[in-house]
Each structure stands twice: as structure tokens, then as C-alpha cells.
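To start, the structure under review is shown below, and the notes come after it.
The values are calculated or read from the model by the stated rules, or taken from the named source; none is laboratory data. What you are looking at is a predicted structure, and each value in this text was computed from that prediction instead of being measured. When we count neighbours, we look across all protein chains shown, and the Cβ atoms used for this are built from the backbone with ideal geometry, even at glycine. Ligands, DNA and RNA are excluded from the accessible area calculation, which covers all protein heavy atoms including side chains. Shrake-Rupley method; radii C 1.70, N 1.55, O 1.52, S 1.80 Å.
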Amino acid sequence: MLVYFWGFLYSNYFRFWLKWILRLLTRKCELQRVFDGSGAGARRTLSIEHSLESSKNKVLRNAVHAEEAEVEKCVRDVMKEKKIEQKDTGFKTNLHITLLQISGYKRLYLNVENLRKVPYDSDNEEHEEQLIELWNLLMPHENLKARITKQWCDIGFQGDDPKTDFRGMGLLGLVNLVYFSKHYTDEARQILSRSNHPKLGYSYAIVGINLTEMAYSLLKNGALKSHLYNMVSGLPQMEHFHQFYCYLVYEFDKFWFEEEPESIMHFNQYREKFHEKIKGLLLDCDVILTLQNTKTP
């Protein structure tokens with residue numbers, strides 16, 4: 001209760017007067033002070049995002065909702081409101097990049113959400129081609145005997161038709177699995193092999209789809225902001241979401257074998273423990289979680 005009361009006082013009274021005093025002392029607005037005091041990355045972008053969202057000025061508040069095409073005009077409007085000369089190219093460039101990161105994160109979430117909403121359709125030739133591609137990437141020396149076959153269980157699906165396993169994450173689950181298998185083929189085959197361990201084995205494809213849900217939820221609740229703001233100077237793309245997914249797959253496999261669960265029946269317990277570990281890492285404003293960084297000595 002005390003914390004809430006202090007937060008209310010700070011946001012509604014103290015913050016305004018603190019900003020006013022700092023402006024008198026430095027002759028700079030809060031946005032200028034943030035840019036001057038920190039380098040490019042999540043720490044700076046998050047501070048600017050918070051400053052804009054907390055502003056009593058409608059122009060500044062609206063800046064965090066600007067679409068990519070509106071960013072340039074938005075930068076000019078903010079500079080005009082804060083009485084910053086348009087010839088200040090350093091401020092203009094930094095704010096432009098920051099707003100692209102903020103708007104890009106929102107756009108990335110919408111793109112991921114739209115892909116998640118696409119149900120797997122066995123009558124869609126493109127969907128079927130991606131599914132067959134997944135098999136060929138993971139099992140290059142074994143041909144499928146039929147489209148509906150128990151062979152799918154060999155790569156970790158639950159039954160003889162994988163389409164039923166994509167219901168929760170839609171096409172996003174398949175796209176993630178294919179991306180990892182295509183761009184990190186050796187690692188994907190190695191993890192698939194490890195998932196067949198007689199004691200510590202797990203269903204590779206099912207766990208992969210489960211990790212898609214984890215990546216999606218972290219993106220949705222804003223937990224991926226630090227990672228993406230550090231990783232991308234500008235607009236984050238679907239590629240960056242896929243790269244984070246690859247990191248999760250690689251790290252979960254390591255985590256699973258390090259933990260040595262008694263049974264696959266305890267999967268949800270260890271999945272949540274891994275989830276908490278990742279959320280903890282993402283609290284670091286300097287974090288970048290990619291498979292390339294993980295594998296670099």
C-alpha cells in the first residue's frame with residue numbers, strides 16, 4: 001500500500017517538479033538528458049519510452065504509438081513541442097531510431113500474432129510443403145512412407161498427423177520449427193537425437209511448439225523489449241523473433257539434461273522453471289539472447 005501511495009505521489013506530483021528543477025539546472029528537457037546520459041540500447045530506449053508515456057503532453061504521449069511512416073513527422077513535432085532546434089541532428093537521429101524501435105516492437109507483435117492466428121491447413125499446399133521440408137531437414141536419410149503416418153512420432157509429434165499439434169500456436173509453431181531446422185540444421189539434428197534419450201527423452205516437435213508459445217508470451221507482455229532494443233538499432237523483424245526462438249530451443253535442451261528430470265511427466269514443472277530463468281535474464285537492460293552469442297567461446 002505504501003509503495004503504491006509513493007508511486008502515485010511521484011508520478012502525479014514529484015516527477016513534474018523534479019523534471020522542472022533539472023531543466024532549470026541543465027537547460028535541457030528530460031529527453032535530451034536521457035540521450036546525453038546513455039548510449040544506444042535498451043536502457044536508453046526504455047527510458048525514452050517511459051518518459052513519453054508518462055508525459056502530460058499529448059504530442060509526446062502519442063509518439064509511442066506512431067507508425068513507421070509517421071516517425072519522421074513525429075520527431076519534428078516532439079522537437080517543436082520541447083523547443084529543440086531542428087538543426088540538432090544528434091537529437092533528431094537518436095529520437096528517430098528510438099521511435100522506430102518502439103513502433104517496430106509493436107508491429108512485430110502484430111505480425112507474430114497474425115501468423116499465430118493462421119490455422120494449419122492440410123489442404124494448403126504451402127503449409128504442406130513446409131511440413132515436408134521440416135521432415136527432410138531433420139530426417140534426410142529416411143523418406144516418409146505416407147503423409148499420415150506414425151513416422152511423425154520420430155521427430156516428436158504426438159500422432160500420425162502433425163496438423164493437430166499446431167492448434168495452439170497455428171502456423172507460427174511450424175514456421176519456428178522449420179526456421180531452426182533450416183538455419184541451425186546440425187544443432188536441430190543433434191537436439192532431435194538427444195530428445196530420444198532412453199531416460200531423459202522428450203517429444204522434440206511438441207516441446208518446440210511449446211517454446212513457440214513461450215517466445216510469443218514474452219513478446220506479448222513486453223519482456224523481450226530489452227533483448228530486441230539491444231539487438232536491433234531500428235525496426236525489429238520477424239527474423240529477430242525466430243532467432244530468439246532458436247535460442248530458447250538450444251538452451252532448453254541444455255537445461256533439461258542438466259536438470260535430469262525423473263520423468264517427462266514433470267515437464268510442466270521444469271518448463272516453468274526454465275521460463276522463470278529466461279524472464280530473469282531478460283530483466284537485465286544489457287541482455288542479448290541469441291544462439292550465436294551462446295555458441296561463441
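Summary of computed values
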{"read-out": "Residues being under 25 Å from the mean Cα position of the chain (by Cα) and either assigned to a helix (DSSP H, G or I) or polar (S, T, N, Q) (or both) - total across the stretch 46-71", "value": "16"}
{"read-out": "Odd one out for ALA223, checked against (1) open to solvent by 50 Å² or more (accessible area, probe 1.4 Å); (2) at pLDDT 95 or above", "value": "(1)"}
{"read-out": "Hey, TYR229 in contact (Cβ under 8 Å) with a residue 24 or more places away in the chain, open to solvent by 10 Å² or more (accessible area, probe 1.4 Å) and assigned to a helix (DSSP H, G or I) or not", "value": "no"}
{"read-out": "Per-region count, the stretch 244-261, residues crowded, with 18+ Cβ neighbours inside 10 Å and free of Cβ contacts under 8 Å to residues at least 60 places away in the same chain", "value": "6"}
{"read-out": "Output for the stretch 89-123, where each listed residue is over 17 Å from ALA69 (Cβ atoms) and open to solvent by less than 30 Å² (accessible area, probe 1.4 Å)", "value": "PHE91, VAL112, GLU113, TYR120"}
{"read-out": "Residues being farther than 14 Å from LYS106 by Cα and either loosely packed, with under 15 Cβ neighbours inside 10 Å or of a type in the set (A, V, I, L, M) (or both) - total across the stretch 233-243", "value": "2"}
{"read-out": "Residues located in the stretch 167-209, provided they are among the polar types (S, T, N, Q) and either within 22 Å of SER122 (Cβ to Cβ) or open to solvent by less than 10 Å² (accessible area, probe 1.4 Å) (or both)", "value": "ASN176, SER181, SER195, SER203"}
{"read-out": "Positions within the stretch 49-69 being free of Cβ contacts under 8 Å to residues at least 12 places away in the same chain, surrounded by 13 or more Cβ atoms within 10 Å (Cβ to Cβ) and charged (D, E, K, R), in sequence order", "value": "GLU53, ARG61"}
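Yes/no matrix, rows are residues, columns are (1) in contact (Cβ under 8 Å) with a residue 40 or more places away in the chain; (2) among the basic types (Lys, Arg); (3) part of a helix (DSSP H, G or I); (4) closer than 30 Å to LEU95 by Cα:
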| site | (1), (2), (3), (4) |
| --- | --- |
| ILE191 | yes, no, yes, no |
| PRO198 | no, no, no, no |
| SER217 | no, no, yes, yes |
| SER233 | yes, no, no, yes |
| PRO236 | yes, no, no, yes |
| HIS240 | yes, no, yes, yes |
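Yes or no, residue by residue, for (1) over 17 Å from GLY208 (Cβ atoms); (2) open to solvent by 60 Å² or more (accessible area, probe 1.4 Å):
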site: GLU128; (1), (2): yes, no
site: ASN143; (1), (2): yes, yes
site: ILE148; (1), (2): yes, yes
site: ILE155; (1), (2): no, no
site: GLN158; (1), (2): no, yes
site: ASP165; (1), (2): no, no
